[in-house]
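Student: Following this message is one structure expressed as C-alpha cells.
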Amino acid sequence: MLAGESPAEVAARIVEGSQLADPKVRKALWDGGSEAIAASNDPALVMARLIDPIARDLRQQYETQVESVEKRAAEQLAAARFAEKGTSVYPDATFSLRLSHGTVRGWEEDGRAIEPFTQLSGLFARATSDDPFKLGDRWVAAQDSLDASVRFNQVSTNDIIGGNSGSPLINASGEIVGLIFDGNIHSLGGAYFYDESVNRSVSVHPAAMLEALNKVYGAGHLAKEMTLH
C-alpha cells in the first residue's frame, strides 16, 4: 500500500491528487459503475482498491471468529442470569423497550468536580477558526442574539449503551427534559459493567433546542410546535 513512501507522503498524495471532491467526477463514476471505478487512476480509489479485499477478509474473520462467538456466549450468559435473578434486574439492550432510571448529576475527574450542565457560552468559548471546532456561519452570526446562560447539554446517571441516541430523557412529571446523544468516556465499558460514580449519559437540553430553532435556524414554527400543550 505504501509502495516505498511514508504514510505521510501517501496521505498527502491522496489528499492533493484526488478529484473526488468534484461532484462531476463522482457522478461520472456513479454513472460508469464498477467498471469506471476499477479503471480510475484517482489516488483515493487506487488506495481503496488495495485496501478493500484485505478489509473484507478481516471483516469476515471478525464476524465468524469473534462476533458470532460473543453473541452465542452473551445468549448463554443472559439465560443463566435470568434463571438466577429473574426480573429483579433489567435486561440487556436487545432492541426492545428499555427504561433506565437516573438523576442529573456530575462526577469527579482527577480530583476535579465536573458540573452536570454546560451552557451556550461554552460553545463559543471553545470555538476556533479552524476545524474541528469551527462553528457554522449561522451560529457565528447569531451569537449576539443568543442567551449565553441557556443550558446546552447535561449529564445523568442513566445507564445507556450504543443505539440509545435519540432516546428521550423524561422527568418525574412525564416531561421531556433532554435527548440522549452520547456518554462520557467512562460509559464506553457500559456493554459489560456500570459504575454509577462515573458513568454518565449526555443529553441535549430542550432550552438549547428552542434557542437554536428560534435564533439560529429560523425555525420558530417548530419551536412553537414543540412547546404546545
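Student: For ALA83 and TYR217, calculate 0.36 nm times their separation in residues minus their Cα-Cα distance, and state this gained length in nm to one decimal. Kindly include the intermediate steps, with their values, before the conclusion.
Tutor: Working: separation 134, 0.36 × 134 = 48.24 nm, distance 5.18 nm.
Result for the pair: 43.1 nm of gain on full extension.
Student: For a quick check: with amide H placed at 1.01 Å from N, whose amide H comes under 5 Å from TRP107's, ignoring anything fewer than 5 positions away on the same chain?
Tutor: Excluding prolines and chain starts, which carry no amide H, the hits are ILE114.
Student: Contact order normalised by length for the chain, with contacts defined as Cα pairs under 8 Å and 6 or more residues apart; what percent is it? Don't jump to the answer; show the numbers that get you there.
Tutor: Values: 230 pairs, mean separation 31.1, N = 229.
Result for the chain is 14 percent.
Student: Please give the calculated 222 nm ellipticity per residue for the chain, where each DSSP H segment of at least 4 residues contributes -39500 (n - 2.57) and the sum is spread over every residue; nearest 500 deg cm²/dmol? Each step should come with its number before you reach the end.
Tutor: Working: 8 runs with 96 residues, N = 229.
Only helices count here, giving -13000 deg cm²/dmol.
Student: Also, quick follow-up: Arranged by the count of other C-beta atoms within 10 angstrom, fewest first, what order do SER167, SER197 take? Mind showing how you got there, number by number?
Tutor: Details: SER167 18, SER197 10.
Ranked by crowding around the Cβ, least crowded first: SER197, SER167.
Student: Read phi for every residue in the range 200-211 and hand back ³J(HN,Hα) as whole Hz from Karplus 6.51 cos²θ - 1.76 cosθ + 1.60, θ = phi - 60°, with x for Gly and Pro.
Tutor: Each residue's phi maps through the Karplus curve to give 9, 8, 10, 9, 7, 7, x, 4, 5, 4, 5, 4 Hz.
Student: State the label only: which of [x] 50; [y] 45; [z] 14 corresponds to percent of Cα pairs over 32 Å apart computed from the shown model?
Tutor: [x]
Student: Now for a separate question. For Cα pairs less than 8 Å apart in space and 6+ apart in sequence, what is the mean separation divided by the residue count of the range 123-222, i.e. the relative contact order in percent?
Tutor: Working: 132 pairs, mean separation 29.4, N = 100.
Once divided by the residue count of the range 123-222, the mean separation gives 29 percent.
Student: Among the trypsin sites (Lys or Arg not before Pro) in the range 13-111, which ones are in a DSSP loop with at most 16 other Cβ atoms within 10 Å of the Cβ? Mind listing them?
Tutor: Working: sites: ARG13, LYS24, ARG26, LYS27, ARG49, ARG56, ARG59, LYS71, ARG72, ARG81, LYS85, ARG98, ARG105; in loops: ARG98, ARG105.
Counting only loop positions with at most 16 other Cβ atoms within 10 Å, the trypsin sites (Lys or Arg not before Pro) in the range 13-111 are ARG98, ARG105.
Student: In the range 1-46, which GluC sites (Glu not before Pro) are in a loop and have at most 15 other Cβ atoms within 10 Å, using DSSP for the loop call? Don't jump to the answer; show the numbers that get you there.
Tutor: Values: sites: GLU5, GLU9, GLU16, GLU35; in loops: GLU5.
Hits after loop and neighbour filter: GLU5.
Student: Per-residue HN-Hα couplings for the range 193-199, Karplus 6.51 cos²θ - 1.76 cosθ + 1.60 at θ = phi - 60°, whole Hz, x for Gly and Pro?
Tutor: These are the phi-based 3J(HN,Hα) values: 7, 9, 10, 4, 5, 10, 5 Hz.
Student: Once Lys and Arg get +1 and Asp and Glu get -1 on their Cβ, which of GLY102, GLN61, TRP30 lies farthest toward the positive end of the dipole of the chain?
Tutor: The one lying farthest along the dipole's positive direction is GLY102.
None of the figures in this text is laboratory data; all of them are computed from the coordinates on show. Everything numeric here is computed off the predicted structure, so don't read it as measured data. Methodologically, a virtual Cβ is constructed for each residue, glycine included, from the backbone with ideal geometry; neighbour enumeration extends over all protein chains shown.
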